[in-house]
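Okay, structure first, notes after.
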Amino acid sequence: MSETIVGPDGKKRCLWCGAAPEFLNYHDNEWGFPVSDDQRLFEKICLESFQSGLSWRTILAKRENFRRAFHHFDFNKVARFTERDINRLLKDEGIVRHRGKIEAVINNAKQAKELVKQEGSLAAFVWRYEPDPKQLAKPQTASTSTESIALSKELKKRGWKFVGPTTAYAFMQAMGLINDHVEECASRAKVESARRRFKKPGRSI
């Protein structure tokens, strides 16, 4: 079975991006490109947590609603959410109304603030878990890795919730810690080029 589909421009892409129309732009312009912005990293961890048990299409379709509901995932603001905010979000039909996941976002925002105090930035902490590309499995054949297990374990140790190894691995794929585009995908070379140019974040304190 082919691992790719042919896009409207005649170029091959990862098979999964043909599952829904909105996947194409996400695949071509976001998935796998390296990210060092703390707010984007926090957003992605939260959205991957919300995806648990659901499809990414559901989350992607609601992403702008999530951004509005959670102040564009500014964790300094989300950390101040109260029970009133939780009740407001539980009535918001534009997002996934799951109390445990909503509470996890607020909890994780508080933990993110603490992590930034200790590590300088969320990016500096996360990128320490970038795997050695030579040690990775064939693209899109794994759902966890040694590094995603380690990242999940450390986040949980620091008090984060809804951050299991599979969630951590999906986060690492999306945020560019791993180039998991299949070999024949036109985006693989673009992501690899972006990763070569990317300045890996370090401690800022």
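The values are calculated or read from the model by the stated rules, or taken from the named source; none is laboratory data. Keep in mind that this is a model prediction, so the values were computed, not measured. Glycine also receives a Cβ, built like all others from the backbone with ideal geometry; neighbour counts cover every protein chain displayed.
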Single residue of the stretch 4-25 satisfying the filter (within 20 Å of T141 (Cα to Cα) and surrounded by fewer than 18 Cβ atoms within 10 Å (Cβ to Cβ)) that is farthest from the chain's Cα centre (by Cα): I5
Residue match in the stretch 129-143 (condition: out of contact with any Lys or Arg (no Cβ under 9 Å at 6 or more places or on another chain) and of a type in the set (F, W, Y)): yes
The lone exception for L151 - which of (1) within 17 Å of the chain's Cα centre (by Cα); (2) part of a loop (DSSP other than H, G, I, E, B); (3) closer than 20 Å to F42 by Cβ it fails: (2)
Test: residue in the stretch 132-155 that is hydroxyl-bearing (S, T, Y) and closer than 19 Å to V78 by Cβ: no
Qualifying residue in the stretch 106-120 (condition: touching a residue at least 12 places away in the same chain (Cβ under 8 Å), within 25 Å of R80 (Cα to Cα) and of a type in the set (V, I, T)): yes
All helices (runs of 4 or more DSSP H) inside the stretch 27-86 with 3 or more residues being assigned by TED's automatic domain parsing to the domain that holds G164 and among the acidic types (D, E): 38-51
